[in-house]
Each structure stands twice: as structure tokens, then as C-alpha cells.
């Protein structure tokens, strides 16, 4: 039988199910980009909130593909989260998602929901590329084809910026208070980036709307952290055995979950802290530590691990050379840029190595390697820039950047094609292999001009790229250590 409201009572003993009456839950949050990460993170936190306040249910929206909507609609929005810790398993059914809208097919329905006064938060996990922003400047990429299309037809948008602006326009004209825009993507200063990008878009639509957004809408910064690998058919089979019901799209997760939120909301906020979230006045220290230490090493392992023939992160970190390399990168090159107590960064680094070692987390290097052009500036290049300014070495970080250059060019070190998934993949593939570093450094959407023009950075990355080509990724990791 398929998981649904009607069959939930037949779940096997030991499976955690919602401890509230879903019939009393009403929507208060619209979430754009309802993928696996949101369903394993924010929706889990909201599931706890609904025990106390049922007015914060989630309406999710798929902006590109209908697969999530098609999977969850027959299940009344119910799905399961399987937490894996080595051989241990904990299964929980989540009830906080009330509906999933397929935006391309039901754009008006989504806009109506966003414009509804009951919606007090619009949250996002649309990945870096979903913001259609210029990574080098932090502003709206007005030349992005999707932005150009939306600005030509602002009443029928498809981008996150367009949908938010149109919904806010409707609220402004109806005299309805604005919602809070809550970015849950791995972007440095994601609140400030959201505020700038979405306000600039609104101004491009209508200067009066732009002023209203600037004066009234709140964009809290957040830091989110949980490893959520892609769900496989084997995962579905395991969940069916544990649940006693078929779940078309369960999500996998590690035990660790962290959500730090700037306490800056318009029109009230849910008690997210009931689900383990933490409200703070300044997210920046948490965000910086996570982006540089976790996301930076995650990407480094993805590119170097893939080029070394490893499929999963747990395999990468089980390699003693990689473990030493990543540990040294954390302590010697990344942590010193954070300005935080050594005891704190050491403890976080140790926790990261433990989390990476969770063999139950089948987190593919290929999955993490996607969309590197959008991730590199935040995850690695900011750290590198700080090391360059300090006149400090950054050999390990440079090896990670060089590995990305080879990976994104579309051919591994043995000459085998790589099916690169990146919005700039065609541009990277057209670069000359003989002048690869120079070609990349001319792309200002990835490399800020000041860093690209720095001779030390150019020379260090060039040297590491040559090392990779000469001895291979695994041996390069061993030598750089």
C-alpha cells in the first residue's frame, strides 16, 4: 500500500509519525524549490512547530520539474525521512508539507498562494544558480536569459525573483502586509544577497514596487547544515521494509541538523526553535565557518575524489591521504581565516571528519560537484583571497581549485568525458586545454578581478594543475598532504 493519510495508521511499530492533527494545519509558509534538502531539513523543523502552532504548514513549489509534486500528491504530502548513522536507522514520517505545486503548470495557483495574507514566509532552496545573480558582484544578473524573459513578461514569471516580485506587487496593491523572504541556500550572506537581488528585480519591474520592497520586506540571513544524499531505489526499498508502506520519494539524512536564523521577520515568525533551530542577531560567524569549513572541503573532496575514482564522500575520507589532506586544510588554511577561537574550529573540524565518515551516507562526489561555477566563489575563493592578502600559503585550497578546473572542462585525467552539470558547462568546455588557467581566470562571473589578476594565485593554481596532470589526483593529494 502507498503511504497516505488513509494508510498512515498502518505504518509499522517504531516508525515516528506526526503528533498533531493534520486536519487542523493551515498554510503559513510557501517554499520555492521543494527538493530533498528542504524535506530533510526545514520541513522536519516545521513538523515540530506544528505540535504547538498549526498555522505554519508548508505549501511547496517545484519550479522546474513535476516529479516531487507527482510523487507526493497521491501521498497527501506525507513522506518519510530515514536518518542513517552507520548501521543504525531511524524512520520518521513528516506531515508539515500540505501541498506541492508544479509551478510551470500552476503558476497562477502558486502566485495566489504567495499573495494570500495567510502566507507570512516565502522560503527558498533553489541553489546558487536559482538566484540568477552575478557571483562576482552579488547583484542581479540582468543579462541572465531567465531574468530577461521574466522582465519582458513580469505578470507570468518563472524565476524565484520574478515570482516573489509579482506576489509582493499583488500584496502591495491589495494593501496586504509583505511576507518575509527566508533564503535557506548555501550562499554567503544569503539574506543580503536575497535582499539585493530580489529588490533590484522589483525595481526593474516598477520603481514604486522596488521602494516598497526595500522599505517593508525582511530578508533574514540563515545558516543551514545537514548532509542529504540523493535517494536511490535501494533506499526506497529499505524504507518500504521499515515503514510497511510504499513511499515514492523518501529522503535520506545524517543525524546532524543545524539551522541558525537571524531574528529579523516581518509579521511574526514560527517557533522554529522547537525543532532545534537557533535565533541569533548575527548569523555571519556561523555561516562563514560552515561555508568555508564544511562546504569548502566538501567541494574539494568532490573534485579531487571524483578524479581519484571515488564515488562516495565516505570512501574519500576513508583514504588516509585524503583524511590527512582535508584535516590539514581545515586546521592550517581555512580555520585561520575565520578569526574564531582555535578550540571552536578544532571541535567543528573533528565533527566534520566524523560526519564525512558516515558510511551510510551515500553522498556521491558527482552530486556535490554539480554547479561548481556557482559554488566556487563562496566555498573556496573567498578563503583563498584572505590567504593571499595575508601572504599565507594555500596549496591545498589551490589544489581543490585546480581539480575543479579540470573537472569542469569536461574530461578527467585519463581522457574520459565527464558529464558536467553546470550552467556554464559549454563555456568551460570551449576553453583551450593548453591555457586552461588563463582561460578560467578571464571569467569574471567566477573569479573576481582582484584575485584573477594576482600573480601568486595564478602561479599557485597553475602549479597544482600541472601536478594533477603529471601524477594524478590521488598522488597529488598525498604529496601536498
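The values are calculated or read from the model by the stated rules, or taken from the named source; none is laboratory data. Just so we're clear, the structure is a prediction, and the values are computed from it rather than from any experiment. No Cβ is skipped: glycine too gets one built from the backbone with ideal geometry, and neighbour counts run over all protein chains shown.
Quick look at the numbers
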| quantity | calculated |
| --- | --- |
| Count of the stretch 437-457 residues which are buried (at least 17 other Cβ atoms within 10 Å of the Cβ) and out of contact with any helix residue (DSSP H, G or I) (no Cβ under 6 Å at 6 or more places or on another chain) | 3 |
| Criterion (in a loop (DSSP other than H, G, I, E, B) and buried (at least 24 other Cβ atoms within 10 Å of the Cβ)) met by exactly one of 34, 58 | 34 |
| Hits in the stretch 37-54 (condition: part of a helix (DSSP H, G or I) and either farther than 25 Å from residue 163 by Cα or touching a helix residue (DSSP H, G or I) at 6+ places or on another chain (Cβ under 9 Å) (or both)) | 39, 42, 44, 45, 46, 47, 48, 49 |
| From 218, 211, 169, 155, residue being without any contact (Cβ under 8 Å) to a residue 12 or more places away in the chain and either crowded, with 21+ Cβ neighbours inside 10 Å or more than 20 Å from residue 107 (Cα to Cα) (or both) | 211 |
| Flag if residue 308 is farther than 30 Å from residue 66 by Cα and assigned by TED's automatic domain parsing to the domain that holds residue 358 | yes |
| Residues located in the stretch 347-372, provided they are assigned to a helix (DSSP H, G or I) and either in contact with a helix residue (DSSP H, G or I) (Cβ under 7 Å, 6 or more places away or on another chain) or outside the structural domain of residue 398 (by TED's automatic domain parsing) (or both) | 348, 349, 352, 353, 356, 365, 366, 368, 372 |
| Total residues in the stretch 68-100, condition within 22 Å of the chain's Cα centre (by Cα), assigned to a helix (DSSP H, G or I) and touching a residue at least 40 places away in the same chain (Cβ under 8 Å) | 3 |
| Hits in the stretch 224-235 (condition: crowded, with 17+ Cβ neighbours inside 10 Å and either modelled with pLDDT of 95 or more or within 22 Å of residue 16 (Cα to Cα) (or both)) | 226, 227, 228, 229, 231, 235 |
| Residue 150, sole failed condition from (1) surrounded by fewer than 19 Cβ atoms within 10 Å (Cβ to Cβ); (2) out of contact with any strand residue (DSSP E or B) (no Cβ under 6 Å at 6 or more places or on another chain) | (1) |
| Residue match in the stretch 250-260 (condition: over 17 Å from the mean Cα position of the chain (by Cα) and buried (at least 22 other Cβ atoms within 10 Å of the Cβ)) | yes |
| Qualifying residue in the stretch 237-247 (condition: within 17 Å of the chain's Cα centre (by Cα) and under 20 Å from residue 68 (Cα atoms)) | no |
